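See below for the structure under consideration.
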Amino acid sequence: MSIRDVYIVDAVRTPIGKFGGALSSVRPDDLAAHVVRALVDRSPALDPARVDDVYFGDANGAGEDNRDVARMAVLLAGLPVTVPGVTVNRLCGSGLEAVIQAARAVALGDASVAIAGGVESMSRAPWVLQKPERAFPAGHQQLHSTTLGWRMTNPRMPAEWTVSLGEGAELIADKHGITRERQDAFALASHRKAAEAWAKGLHDDEVVPYPDADLTRDESIRDDTSIEALARLKPSFRPEGGTVTAGNSSPLNDGAAALLLVDEEGLRATGREPLARIRTSAVTGIEPQLFGLGPVEAVRRALDRAGRSFADLRTFELNEAFAAQALGCLAEWPELDPEIVNPRGGAVAIGHPLGASGARLAGSVAHQLAAAGSGTGLAALCIGVGQGLALVLER
């Protein structure tokens, strides 16, 4: 059996909304359906019935994302009912995992045309209530937020594994001696790059605003922030001596992204030139409390499988869950030129709608390679509970 080349024909995303912001009234299944429909509409020569499967990442799944949001998106987008859909969950890496799984299906010949993406509405993530151990409990019951982080944690898990995500970022700052000042400077650079990219129209090719939502640009970008403003924020996770703040962390967000993946036959059916080709991927594990360093080994393995090095990269989209986490990864890649990392801004500014972020990163790399005309690009994320995921693209 031969392995087929897999091409990214197109990639779209919504503007990323902030928690309780312009997209907070939109259901996650509607967000997902919007990017699926937009992706199909942008390739009018492609018969939607030719889509063999739709893969969507979703980190929550406890509310209106409704167990299999990929299938819901297919139906709500008006695609033929014969188009199936599957939802995958690798937490923060879910959107990129969807791209990888779809690419694998195309490469193996199980599909010729596939859609892959991700969605998250952190604004609309519900509270959940555990069933009582016996009927009619007399006492109060506890609701658990599904927005972010550990919930209903198994007591068998070691305490050092189940620290908050922010405390995990503090541990990385400790490990690499990353000061508050460096984290704030990194955050400021993320906002400035994102604002500049929007001003130059660099996101225009990929962003498809949601109808009736007053949002045409990523909502969390703060054009007017400064080092002084960031320095005034109090530590969020260690009141005494902490370095991680709301200003140097990614915010809570809502959004969706989707990519169109095809083989050679599917490419002819679209009548389009591809943005990029998928080369290799890798996933690795690490101690859960050091989740932020998960991409370190995943990136090295993905590059090695592609026969490439850091010197070969034209662009690198690294998810910025926290400035400390991103800086910790960069510290372990001394051969990487930091100037090519997140050239259009990162998640500290753009936002991190968990299940959608990996698809956003992959789509951004594809669009950047298409704009450059050639080169190798990489997308990578850290993942809560200690994993890293990376994807290499080429054009």
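The values are calculated or read from the model by the stated rules, or taken from the named source; none is laboratory data. Bear in mind that the values here come from a model prediction, so they are computed numbers and not experimental data. Glycine gets a Cβ as well: all are built from the backbone with ideal geometry, and neighbour counts include every protein chain shown. These area figures cover heavy atoms from the full protein model, side chains too; ligands, DNA and RNA do not enter into them. Shrake-Rupley method; radii C 1.70, N 1.55, O 1.52, S 1.80 Å.
Look at the stretch 242-255: where a residue is within 21 Å of Ala173 (Cβ to Cβ) and open to solvent by less than 10 Å² (accessible area, probe 1.4 Å) and a partner is among the basic types (Lys, Arg) and not in a loop (DSSP other than H, G, I, E, B), sitting 6+ places away or on another chain with Cβ atoms under 8 Å, you get Thr245/Arg180; Asn248/Arg180.
The selection criterion, being more than 23 Å from Gly21 (Cα to Cα), surrounded by fewer than 18 Cβ atoms within 10 Å (Cβ to Cβ) and at pLDDT 95 or above, holds for Gly177. Of the residues screened, Ala390 is not one that is at pLDDT 95 or above, open to solvent by 10 Å² or more (accessible area, probe 1.4 Å) and either touching a Leu at 6+ places or on another chain (Cβ under 9 Å) or in a strand (DSSP E or B) (or both).
Can you confirm whether Ala370 is hydrophobic (A, V, I, L, M, F, W, C), in contact (Cβ under 8 Å) with a residue 24 or more places away in the chain and open to solvent by 10 Å² or more (accessible area, probe 1.4 Å)? Step through it out loud before you land on a result.
Details: hydrophobic (A, V, I, L, M, F, W, C): yes; in contact (Cβ under 8 Å) with a residue 24 or more places away in the chain: yes; open to solvent by 10 Å² or more (accessible area, probe 1.4 Å): yes.
Judged against the criteria, Ala370 is a match.
Can you confirm whether Ala229 is without any contact (Cβ under 8 Å) to a residue 60 or more places away in the chain and either of a type in the set (A, V, I, L, M, F, W, C) or open to solvent by less than 70 Å² (accessible area, probe 1.4 Å) (or both)? So Ala229 passes the test. Would you call Ile383 touching a Phe, Trp or Tyr at 6+ places or on another chain (Cβ under 8 Å), open to solvent by 10 Å² or more (accessible area, probe 1.4 Å) and under 23 Å from Arg301 (Cβ atoms)? When the stated conditions are applied, Ile383 does not pass them. Residues in the stretch 256-290 that are closer than 25 Å to Asn60 by Cβ, open to solvent by 10 Å² or more (accessible area, probe 1.4 Å) and either out of contact with any Lys or Arg (no Cβ under 9 Å at 6 or more places or on another chain) or at pLDDT below 95 (or both): Gly285, Ile286, Glu287, Pro288, Gln289.
Check every one of the strands (runs of 3 or more DSSP E) wholly within the stretch 45-149 and list those with 2 or more residues that are within 20 Å of Leu260 (Cβ to Cβ).
53-57, 85-88, 113-121
Identify all residues within the stretch 337-376 that are part of a strand (DSSP E or B) and over 16 Å from the mean Cα position of the chain (by Cα); write none if there are none. Quick ask: steps written out before the conclusion?
As a first pass, look at the stretch 337-376 and keep what is part of a strand (DSSP E or B): 341, 376.
Selection gives Thr376 alone.
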